[in-house]
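The values are calculated or read from the model by the stated rules, or taken from the named source; none is laboratory data. What you see is a predicted model; the values in this text were computed from it and never measured. Note that we place each Cβ from the backbone using ideal geometry, even for glycine, and neighbour counts take in every protein chain shown. Each accessible area value is taken on the protein alone, full model and side chains, heavy atoms only, with ligands, DNA and RNA left out. Shrake-Rupley method; radii C 1.70, N 1.55, O 1.52, S 1.80 Å.
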Amino acid sequence: MTIRLPSELVAAGLVPPEKLADLARVAQRYAVAITPEIAGLIDRGDPHDPIARQFVPDIAELTAAPEERADPIGDDAHSPVGGIVHRYPDRVLLKLVNVCAVYCRFCFRREMVGPGAEPLTAQQLDAALDYVAAHPEIWEVILTGGDPLVLSPRRIKAVMSRLAAIDHVKIVRVHSRVPVAEPSRITPALVRALKIKGKATYVVLHANHARELTDAAREACDRFIDAGIPMLSQSVLLAGVNDDPQALGALMRTLVECRIKPYYLHHGDLAPGTSHLRTSIAHGQELMRALRGRFSGLCQPEYVLDIPGGHGKSPIGPGYLSPDGAGGWRVQDFNGETHCYPPKT
Ligand code: SF4
C-alpha cells in the first residue's frame, strides 16, 4: 500500500519514531506518497540513501529561502484558461490532474499538487481543448500535472481522441514518473490509449537515480517503446542524489541502456523549502563537463534552468567556445585543453 501518513513512514522503518512530530508538520504542509515499489528501493540502513532523499519528507522543507516562491516557473502568468500553460509559441502544457503516484520532496508544483487537489472538470477540459483547437500555432500538447498517467486508460483515451481531432496538433508528449513509481499502471490498455492515428506520442520519464530503473520499471518502459512510443528522460539535479559524476553518469547510461534518450537535466527550481536539495549552477556546469567525453554522446542531457517568473527554459551548460579577438575561435576539448579554430576565409 502507498505510504501517505507520517505514522506509516515510521511503521515502514523509513524514519525513526522521534521524528514523527516534526514530519507530521511537514506532511500537513506538503503531500506525501511513497509507493511500495519506491519504498522497496530505500536502504533503511543508509542515512544518505538517494531514493529516500527524494521521497521521505524532511523537516528542512519547512524552511523557505528568501528567493523561493510558490510558483517557481511562473505557470500562472501564462495560463489563459484552466489547465493550459501557453508559454512558448508552438506548444502548450495541458495539466489534466493535480495528483501524483508519489510526491517528490523537491517538486516545482508542490503548492498545487496533492490529494484533494481537484482535477480539471469536464467544462474546464472542454475550454482547454477549445483553446488548443482555436490556436493553429500549437503543434505540440504536453500532458503533465500532477502526473497524467495516474488516470485510467479510458480517461486518457478520451483526451487523446479529442486531441486526434485537432489537425494542427501533431505531437503529444506525456511527462510521467509512473513508469518508475508504479510500473504496474503501464498496462497494454494504457499504452494503446496513448497511441492515436496521425499523431506522434512521446513519453518523457522523470527519473533521478539509476536505481529507480528496476526490472519492473524497465519492463514498463519496454511496453511503450515496443509499441512505437519513443521515450526521453528528464532528471532534476539534486544534492545528495545525483550530484556527482558517477551517480549522474550511471543514471544517464542506465536510461540509454533502457532505450530512453536523456533529454533534460533540470537545475532545481526555487520551490519553497527545497534549498537543501539544490546545488549551485557552477556545480551543475562542472558535472556537465565531467559527463562530456567520459560518457557517450547518447548520455548527454541538456542542462536547463526554468527562469523564475515564467520566462521559459534556457540551456545553462558550460561553454566550450569563445572568440579569439581576430575573427577565429578558441574551443576547449573535454580534457580542458584549449585549441584554435581559424576564421572563415
Ligand atoms: S511527479 Fe512531478 S508533479 Fe508529481 S510530485 Fe514529482 S515532480 Fe511534482
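Some notes on this structure:
- Qualifying positions in region 330-345 - farther than 18 Å from Leu291 by Cβ, of a type in the set (S, T, N, Q) and either assigned to a loop (DSSP other than H, G, I, E, B) or at pLDDT below 95 (or both): Thr345
- Flag for Val81 being more than 16 Å from the chain's Cα centre (by Cα) and more than 19 Å from Ala12 (Cβ to Cβ): yes
- When region 151-164 is filtered for residues that are open to solvent by 10 Å² or more (accessible area, probe 1.4 Å), within 15 Å of Val191 (Cβ to Cβ) and in contact with a helix residue (DSSP H, G or I) (Cβ under 6 Å, 6 or more places away or on another chain), the ones remaining, listed by number, are Pro153, Lys157.
- Residues being farther than 19 Å from Leu255 by Cβ, assigned to a helix (DSSP H, G or I) and out of contact with any Gly (no Cβ under 9 Å at 6 or more places or on another chain) - total across region 268-297: 4
- Residues in region 124-137 include none that are within 16 Å of the ligand (Cβ to nearest atom) and open to solvent by less than 40 Å² (accessible area, probe 1.4 Å).
- Subset of region 90-114 that is at pLDDT below 95 and surrounded by fewer than 19 Cβ atoms within 10 Å (Cβ to Cβ) - its residue that is farthest from the ligand (Cβ to nearest atom): Glu111
- Among the residues making up region 92-144, those that are touching a helix residue (DSSP H, G or I) at 6+ places or on another chain (Cβ under 8 Å) and under 24 Å from Asp167 (Cα atoms) are Val92, Leu94, Leu96, Leu120, Leu125, Leu129, Val132, Ile138, Val141, Leu143.
- Qualifying residue in region 97-109 (condition: assigned to a loop (DSSP other than H, G, I, E, B) and more than 30 Å from Ile51 (Cβ to Cβ)): no
- Test: Ile281 is under 19 Å from Pro245 (Cα atoms) and open to solvent by less than 30 Å² (accessible area, probe 1.4 Å): no
- Taking the conditions (1) open to solvent by 60 Å² or more (accessible area, probe 1.4 Å); (2) closer than 22 Å to Ala216 by Cβ; (3) not β-branched (Val, Ile, Thr) in turn, Leu14 satisfies each one other than (1).
- Of all positions in region 46-67, at least one carries a residue that is of a type in the set (A, V, I, L, M), at pLDDT below 95, farther than 30 Å from Ala134 by Cβ and open to solvent by 50 Å² or more (accessible area, probe 1.4 Å).
- The lone exception for Ala65 - which of (1) in contact (Cβ under 8 Å) with a residue 60 or more places away in the chain; (2) in contact with an Asp or Glu (Cβ under 6 Å, 6 or more places away or on another chain) it fails: (2)
Matching residues to (1) out of contact with any strand residue (DSSP E or B) (no Cβ under 7 Å at 6 or more places or on another chain); (2) within 16 Å of the ligand (Cβ to nearest atom); (3) open to solvent by 10 Å² or more (accessible area, probe 1.4 Å):
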| residue | (1), (2), (3) |
| --- | --- |
| Leu149 | no, yes, no |
| Ile166 | yes, no, yes |
| His175 | no, yes, yes |
| Pro179 | no, yes, no |
| Glu182 | yes, yes, yes |
| Arg192 | yes, no, yes |
| Lys195 | no, no, yes |
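- Hits in region 34-45 (condition: within 15 Å of the ligand (Cβ to nearest atom) and in contact with a strand residue (DSSP E or B) (Cβ under 7 Å, 6 or more places away or on another chain)): Ile34
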